[in-house]
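Some notes on the structure that comes next.
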There are 2 protein chains.
Amino acid sequence: MSDKRPIGVFDSGIGGLTVLKSLLQYLPHEDYIYLGDTARTPYGNKSAEAVRQYAGQITSFLASQDVKAIVVACNTVSAAAIETVKEKAWPVPVFEVISPLVMQAAHFVKQADSNRVGVLATRRTVRSGQYPKAMSTIVKDDVSVEQIACPIFVELVEEGIWDGPFAKAAVDHYLAAWKADAPDAVLLACTHFPLLKPLIESFLPEAEVMESGPAVSLVVADALDRQERLNESEHIGECQFYCTDTIESFVELAESFLGQPVENIRQLDWKDVPC
Amino acid sequence: MSDKRPIGVFDSGIGGLTVLKSLLQYLPHEDYIYLGDTARTPYGNKSAEAVRQYAGQITSFLASQDVKAIVVACNTVSAAAIETVKEKAWPVPVFEVISPLVMQAAHFVKQADSNRVGVLATRRTVRSGQYPKAMSTIVKDDVSVEQIACPIFVELVEEGIWDGPFAKAAVDHYLAAWKADAPDAVLLACTHFPLLKPLIESFLPEAEVMESGPAVSLVVADALDRQERLNESEHIGECQFYCTDTIESFVELAESFLGQPVENIRQLDWKDVPC
């Protein structure tokens, strides 16, 4: 069996492209529909109610495009609105970004005999407590989870400021508490943050800095394979992009980040998106 | 005649408090209803269509509260959606923040025999071209208007990062082009930016840095007086605050900024706000 339908991927903006990039490496024969809700970015400081409303609306749209799976490439939605997404997507399988990253971290902690994990996230993800909760469920031994909310990292990434003194000042500002004594593993618990990974790594040279893209891609590949839903044709997968604000700003950053042309893109009209 | 109804003031978040602070100084006997749309902040990178939708919704809410005037304490809305606000508010008079600031700048330019004005704003306000247009309408002589979009200033202010190395790095980043050769007058064409005024002034020590609060307050006071709509009682005006996301984050910053307790505050439920 071969399921040629595309995989839907969404985020509040361009951050989820870090997950799409991994998916394209792990599952190169799949087609993708990527939606960045650039008109309402950032999600991370918004209320859970607002995030649920936005996520529900996007899921309805992706479901209407006949996707075979939905990857929630956004930690804020994964933490605050995953039930809404699953409900609206049913019977399409939904993948979120938290569990795979926590499983990867749990593995590291065990291997390295470490008991200290750091989490960098949006304010909403930090408040949700999903990372400490998932960590204590998976790792039986005591592991201390230290969280830092870094809301402006999202804006910096959305603005294309991935390097230089301004981005560096943001890293210095938010990670100051870890300068002298960093956790052994630091989870980038927002899909925007991998764009700042080189700066974070040079600020915390001793820490293992982990992102969710590769772990999520593994989980998606494995699940689709088990369900015999992989696209078994040999064609190179195609991406259809949607953004909810103007196309220009999205395309420029998306191309620079993905390292490939972003041609197949449309701006989604609010009226096209069912509630 | 004395009109005891409150004045409605709104912004995408806490930035408009810079205008409310001036209004409280110029018109201390008036009551105010302030709405910060914190669930959908920032507006400055959003499409004109989205900004019009949000502004229309807020205006309908304020009109339903029987305000006697509406002050649009947000440059992005003033530039992109003022017609929508006027239409929804009618017959309540609407005041925006662009014209008063431009008039003040025009006066300065004339006095100082200057021909170079700088504008710091959100991306949407810059794209709208409203400031250069208003300037060329008011000042007949040639004045060159140089605009810089500083979107992350809004986030910094909303996060309470008004000083220190991170805020300073943002100022260095955005104003680099003016470091060696600044315009004579620099307009803070976003109501959030006055919170960063001390940093901007120390980066541009030769420039006259102007904000819109005092100029708008003068215009509002004058217009209400002419229309015999001032509250002529001697009571100290009261403020009712609304925010669209959680109350805690708003209160803390609002109190720190206004320098007075913010007690009378409610979170507005999306369902209470008519479209």
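A few points about this structure:
- Single residue of B:G118, B:G160, B:G129 found to be more than 14 Å from every other protein chain (Cβ to nearest Cβ) and on the phi > 0 side of the Ramachandran plot: B:G129
The rows are residues; the columns are (1) outside the structural domain of A:L120 (by TED's automatic domain parsing); (2) out of contact with any strand residue (DSSP E or B) (no Cβ under 9 Å at 6 or more places or on another chain); (3) of a type in the set (F, W, Y).
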site: A:K168; (1), (2), (3): no, yes, no
site: A:V171; (1), (2), (3): no, yes, no
site: A:A180; (1), (2), (3): no, yes, no
site: A:V186; (1), (2), (3): no, no, no
site: A:E228; (1), (2), (3): yes, yes, no
site: A:F241; (1), (2), (3): yes, no, yes
site: A:L253; (1), (2), (3): yes, yes, no
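- For segment B:235-268, a residue qualifies if it is without any contact (Cβ under 8 Å) to a residue 24 or more places away in the chain and loosely packed, with under 12 Cβ neighbours inside 10 Å, and the qualifying residues are B:E248, B:G259, B:Q260, B:P261, B:E263.
- Taken as a whole, segment A:155-163 holds at least one residue that is within 14 Å of the chain's Cα centre (by Cα) and crowded, with 20+ Cβ neighbours inside 10 Å.
- If you go through segment A:68-91 and keep only what is buried (at least 22 other Cβ atoms within 10 Å of the Cβ) and hydroxyl-bearing (S, T, Y), you end up with A:T76, A:S78.
- Test: residue in segment A:217-226 that is closer than 30 Å to A:W178 by Cα and either touching a Phe, Trp or Tyr at 6+ places or on another chain (Cβ under 7 Å) or part of a helix (DSSP H, G or I) (or both): yes
- If you go through segment A:103-127 and keep only what is within 16 Å of the chain's Cα centre (by Cα) and over 19 Å from A:A182 (Cβ atoms), you end up with A:M103, A:T122, A:R123, A:R124, A:T125.
- Scanning segment A:21-33 for residues that are within 19 Å of A:T76 (Cα to Cα) and either aliphatic (A, V, I, L, M) or more than 11 Å from the chain's Cα centre (by Cα) (or both) turns up nothing.
- Residues of segment A:35-44 that are in contact with an Asp or Glu (Cβ under 7 Å, 6 or more places away or on another chain) and either modelled with pLDDT under 85 or within 11 Å of chain B (Cβ to nearest Cβ) (or both): A:T38, A:A39, A:T41, A:P42.
- Once segment A:56-67 is narrowed to residues that are of a type outside the set (F, W, Y) and closer than 13 Å to A:T244 by Cα, the residue that is surrounded by the fewest Cβ atoms within 10 Å (Cβ to Cβ) is A:Q57.
A quick yes/no check of all residues on (1) within 14 Å of chain B (Cβ to nearest Cβ); (2) at pLDDT below 95:
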position	(1), (2)
A:S2	no, yes
A:S12	yes, yes
A:G15	no, yes
A:V72	no, no
A:T76	yes, yes
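- Every listed requirement among (1) over 19 Å from B:L156 (Cβ atoms); (2) without any contact (Cβ under 8 Å) to a residue 60 or more places away in the chain; (3) hydroxyl-bearing (S, T, Y) is met by A:Y174 save one, (1).
- All positions within segment A:109-126 that are surrounded by fewer than 16 Cβ atoms within 10 Å (Cβ to Cβ) and assigned to a helix (DSSP H, G or I): A:K110, A:Q111, A:A112
- Pairs where the first residue, in segment B:8-23, is of a type in the set (K, R) and the second is part of a loop (DSSP other than H, G, I, E, B), C-beta under 9 Å, 6+ apart: B:K21/B:G259
- Against the list (1) surrounded by fewer than 24 Cβ atoms within 10 Å (Cβ to Cβ); (2) of a type outside the set (G, A, S); (3) farther than 19 Å from B:S217 by Cα; (4) at pLDDT 95 or above, the condition B:E49 fails is (4).
- Extreme residue, surrounded by the fewest Cβ atoms within 10 Å (Cβ to Cβ), among residues of segment A:1-46 that are within 18 Å of A:A81 (Cα to Cα) and acidic (D, E): A:D37
The values are calculated or read from the model by the stated rules, or taken from the named source; none is laboratory data. Please read all numbers here as calculations on a predicted model, not as lab measurements. In this analysis, Cβ positions are derived from the backbone assuming ideal geometry, glycine residues included, and neighbour counts consider all displayed protein chains.
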